[in-house]
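Below: one structure, written as structure tokens.
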Amino acid sequence: MPDRHSIRLRGPWWGKTCLAQDGLGSDDKAFKTTVPFRWHDQIPDDFIGTVGMIRKFNGSAGLSEAREVWLTIASLAVPAELLLNGSTIGAFKAQSDIEIPVSSYLMPFNELQILLSVSGSSSEILLGDVAIEIAQ
């Protein structure tokens, strides 16, 4: 594996609990947070639905399309769908050590969305560290 430069995407993350299956509604709760993201940080104990997490970030200075870039997630405690700049880049079950090549999706200004499927209460970390890793 080549050497990589890691850019952590700790925060700020913008989140919203989505009560409606087909999108955001007026009863949804918005919040600001960081990762790792724990259940008790912003989610009511009895919540069942989707927690949408959004993180905006600029492209790294001097990043060319010839360089390999990955999105890494240390852990997901629940199923999740990932979108980068409006394109789905993956759907995952609860798992650790996720690594997704994202070079072709990056723009000068980027928006990462992680849609967490949540049910029941827990004190565990729902979303672990998230980073962009660039081949050196």
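The values are calculated or read from the model by the stated rules, or taken from the named source; none is laboratory data. In this text the structure is predicted, and so the values were computed from the model without any measurement. Cβ coordinates were reconstructed from backbone atoms using ideal geometry, including for glycine residues, and neighbour counts include every protein chain displayed.
General observations
- Pick from segment 10-38, criterion in a loop (DSSP other than H, G, I, E, B) and of a type in the set (Ser, Thr, Tyr), ranking: modelled with the lowest pLDDT: Ser26
- Matching residues, segment 109-123, being modelled with pLDDT of 90 or more and either of a type in the set (A, V, I, L, M) or exposed (fewer than 11 other Cβ atoms within 10 Å of the Cβ) (or both): Phe109, Leu112, Ile114, Leu115, Leu116
- Ile98 hydrophobic (A, V, I, L, M, F, W, C), surrounded by 11 or more Cβ atoms within 10 Å (Cβ to Cβ), closer than 16 Å to Val35 by Cβ and in contact (Cβ under 8 Å) with a residue 60 or more places away in the chain: no
- Restricting segment 80-136 to residues that are among the charged types (D, E, K, R) and assigned to a strand (DSSP E or B), the residue that is farthest from Phe57 (Cα to Cα): Asp97
- Residue check, Gly49 of a type outside the set (Ser, Thr, Tyr), part of a strand (DSSP E or B) and modelled with pLDDT under 90: yes
- Note on segment 55-76: among residues that are among the charged types (D, E, K, R) and over 12 Å from His5 (Cβ atoms), the one that is modelled with the lowest pLDDT is Glu65.
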